Amino acid sequence: MYVKRHSVSKGGRRYVYLRLVEAYRNESGQVRHRVLCTLGREDELKASGQLDQLAASFTRLDPPPLGTRRVVGPLLLVGHYLKRLGLVELVDGMIPMRGRALLTHGEVIAALVANRLCAPSPLYDISGWASSCALAELLGVPAALLNDDRLGRALDALAPVAEELRSRLLLSALEHFDLDVSRLHLDLTAVRFSEAYEDSAVVKKGWAADRTIKRQVKAIQASTKEGVPLYFRPHPGAQSELLEFMATIDTLATSLSPGLLVVADSGLGYLESLCSANSANVSFVVPLRSDTGWTERFRVDVPEGLDGLEPLEYCSYREEHLPENERTRWKGALYPFPVTSADGKVHDLRIAYIFSSEEAASVASARERALTKAEEALSRISNGLGGRYYKTQKQVDARVAQILVGPISGLIEVHTATRGGRPCIAWHRNEAALAQASALDGLYGLATNLSDPKDHRLSALEVLKIYKDQWIVEQRHRDLKQTIRVRPVFLHNDNRIEALVGVIGIALLLFGLIEAELRSALGEGVSLPGILPEGRAARPTARAALGAFDGFIATYTASGLMVDHLSRVQRTILGLLDVPLPWPEQGGQD
C-alpha cells in the first residue's frame, strides 16, 4: 500500500490528486494496482495541514522491519533529562498548536536540543540524523516530520516567548533538581557570524574578548558553582556589556529567593552599577575597572605598596602538582571601600587588594613586547628618514604619534628635529615612567558587599576563592562552542537566530545538569573508572559521560526492541544518574 500522485487537466489547469493505492496479484499471479480511496487535492491538503497529519500517521504507525538498527547513543541520557525538566510540556503550554497537529512545537524543540547534545547538525540535516537514531523510540518524534520548514516554524513560534521560557525552565530546574543557587557566576561570550547581515538587528558588529570587531551575537550565561547554566540569553552583538549584566541581574533577583551572590568580570566593574546592585540587595564579587580610581585608594590604604600585603594560602587546581617554589605567589588585604552613588547615597562596600606573581609576570611580559614592537617601528622610521614617507619632520611626528599610544604612552621619549633640511629622530625608554607603571604589576581590586560570616571576619582569601571559581562559567562557554557547536548558524531571520541560540542554551543547561548530578552521586573529588576513551579513571565531565554511549545501538527483533550489552562504565553512569534502561539487553546482564 502506498500513496500515488495522479494528475488531472481541467479547464487548461493541471491538478494533482493523492490516492491511496494497494498492490495485489490477480488469479494469474500478475501484479495489479487498485485505488482504495482518493485522499484529496495535493495543494489543498498542504494548505490545510492535513498532508502533514497523514504523513505523521503513516510514520508513527509503520513499524520498522526486523533487524533494523537504531543509534541510541547519548540520547538515552538526554531523553531522560528532557522528561525530568519537562521541556515538551513547558513549550506546548506556552505555544499550543492549532488544529490537530501530530507533532507539537515542544516535540520539535526537544528534538533540536537532543541533536545538539548527541550529534550537533545544521537544521537541514536534523532529519537525516533523526532517521538513524532512536528519536522516535525514545521521544516519540518521527524523523520524517523534522524537515527544515517544520523546524523553522517551531523557531518562529518560540522567539516571542523565549524569555518567558527561560524563566520557566529556571524554576523547573530548581523544582526537579537539587541545585544551590546562592551563588551564580555571570559571563559574556560572542558567537561570530561570517556572512553579511546588513539588515539584521541581532547580528551586529561589536567588540569581543579578543579585542577585535566582528559581526556577532552576544550571549550571557549565569551558572551555579557546580557548573549548571541556569540562565542563558542571546543579545544583539553591538549591545553594551553593562546593560546585559544589569538586565540579567534584575531577572535573576526577581526569579530567585533573596541572598543572591553574583560573581562577574570587569564588565560589571563600574561603581554606579555596583551601587545599583547593592541597593537591590544583591551581593557581588567583581573586579574593578582601572578607571574607577581604585589604585589611588590602594596607595592611601597601603602606603608600603605591594610589600604591605599579607601572603595568601591559595593554590589553583592546575598548580597542585607543582613544587611549592614553582607555584604562583598570592598576597592580599581587605579594606573598606565606601562609594557615593549618583543619588548621593553612600554604599559601604569593601575591596580586596589581590596580588598575583603570575599576573605580574604576564603584565611585565606584555609591556616588554609592546615596547619592543614600538622600538622596532621607530627603527623603521629612522631607516626611512628622507625617503618617500618621511621627507619632513611633520610626517615623522605624525607616525610617532600613531606608535606611542595605549599602554606604552609616556614610556618612550622621542625627540625629532630637522638638520640640514632632513628630519632626524632619537628615542630612549623613560625609566622613571617605567618604574611607576610597573609598581603595581599583578595587582587588581575585587569589590564586594559581602557581610562578615557569623563566626569570623571576612578575609581577602575568601573573596579571592569565590572569584577564582569564575572559570566554571568560562568552561561552559567552551562547551558551547566546542562540544555543542553553536556555529555555524545557517540562518538569516533574526527571530530564528535568537530562538536557535536560545535552544542551544537549553542544551547547555542539560549538559550542566548531567555533569553536576554525576559528580554529586560519585562524591567530592571522586574519579569514575574507565570514563576516558583509553579506560583511565577521571573526574567525569558531561562530555565524557555522553561520549561513553557512542555506538550504543538498539535493534528490532522478533521479541521487540533490544539494546546492545552495556559496558561497565555505561552501567555505572546509568546507575549513578538513576536512568532506567527502556529495553532489555541482548544476552542479558552480567
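Numbers below:
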{"item": "Quarter of the Cα convex hull surface for the chain, i.e. its orientation-mean projected area (nm²)", "result": "42.7"}
{"item": "Computed [θ] at 222 nm, deg cm²/dmol, the chain (DSSP H ≥ 4; -39,500 (n - 2.57); rounded to nearest 500)", "result": "-12000 deg cm²/dmol"}
{"item": "Accessible carbon and sulfur surface of the chain relative to its total accessible area, %, 1.4 Å", "result": "50"}
{"item": "At R0 = 60 Å, FRET efficiency that the Cβ-Cβ distance of Val302 and Ser559 yields, to 0.05", "result": "0.20"}
{"item": "Taking all pairs of distinct alpha-carbon atoms in the range 81-155, Kirkwood radius in angstrom", "result": "12.4"}
{"item": "Set of aspartates and glutamates near Lys4 by C-alpha distance (under 18 Å), chain-local residues within fewer than 8 positions excluded", "result": "Glu22, Glu42, Asp43, Glu44, Asp52, Asp62"}
{"item": "On Cα atoms only, tilt of 75-85 relative to the major axis of the chain in degrees", "result": "80"}
{"item": "GluC sites (Glu not before Pro) within the range 481-585: DSSP coil, no more than 10 neighbouring Cβ in 10 Å", "result": "Glu524, Glu534"}
{"item": "Sparsely packed trypsin sites (Lys or Arg not before Pro) within the range 167-224, loop by DSSP, other Cβ within 10 Å at most 15", "result": "Arg211"}
{"item": "Cα convex hull of the range 198-285 - mean projected area over all directions, nm²", "result": "6.5"}
{"item": "Reduced Cα scattering model of the range 401-492, Debye log10 I(q)/I(0), q = 0.12, 0.13, 0.18, 0.22 Å⁻¹", "result": "-0.80, -0.83, -0.95, -1.10"}
{"item": "Rounded FRET efficiency, nearest 0.05, which uses the C-beta distance separating Asn147 from Leu20 and R0 of 30 Å", "result": "0.85"}
{"item": "Residue pairs, from the table Lys218/Lys468; Lys46/Lys218; Lys225/Lys454; Lys214/Lys373; Lys204/Lys391; Lys83/Lys204, whose Cα atoms sit over 30 Å apart", "result": "Lys46/Lys218; Lys204/Lys391; Lys83/Lys204"}
{"item": "Projected label distance in nm at Asp291 and Val8, using a 7 Å step from Cα toward the beta-carbon", "result": "7.4"}
{"item": "Å² of accessible area per residue within the chain, as computed with a 1.4 Å probe and no ligands counted", "result": "51"}
{"item": "In sequence order, calculated HN-Hα J values of the range 351-361 (Karplus, 6.51, -1.76, 1.60; Hz; x Gly/Pro)", "result": "10, 9, 7, 10, 10, 10, 5, 5, 5, 4, 5"}
{"item": "Tail beyond 27 Å, pair distance distribution of the range 267-413 (Cα, percent)", "result": "50"}
{"item": "The chain: angle of helix 471-481 to the longest principal axis, Cα-based, in degrees nearest 10", "result": "50"}
{"item": "Sparsely packed trypsin sites (Lys or Arg not before Pro) within the range 288-348, loop by DSSP, other Cβ within 10 Å at most 13", "result": "Lys345"}
{"item": "Distance between modelled label sites at Leu66 and Lys46, nm, 7 Å Cα→Cβ extension", "result": "4.0"}
{"item": "Using alpha-carbon coordinates, inclination of helix 105-118 to the longest axis of the chain, degrees", "result": "60"}
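The values are calculated or read from the model by the stated rules, or taken from the named source; none is laboratory data. Quantities reported herein were computed from a predicted structural model and do not represent experimental measurements. Counting neighbours? That spans all protein chains shown, and the Cβs are built from the backbone with ideal geometry, glycine included. Accessible surface areas use protein heavy atoms only, side chains included; no ligands, DNA or RNA. Shrake-Rupley method; radii C 1.70, N 1.55, O 1.52, S 1.80 Å.
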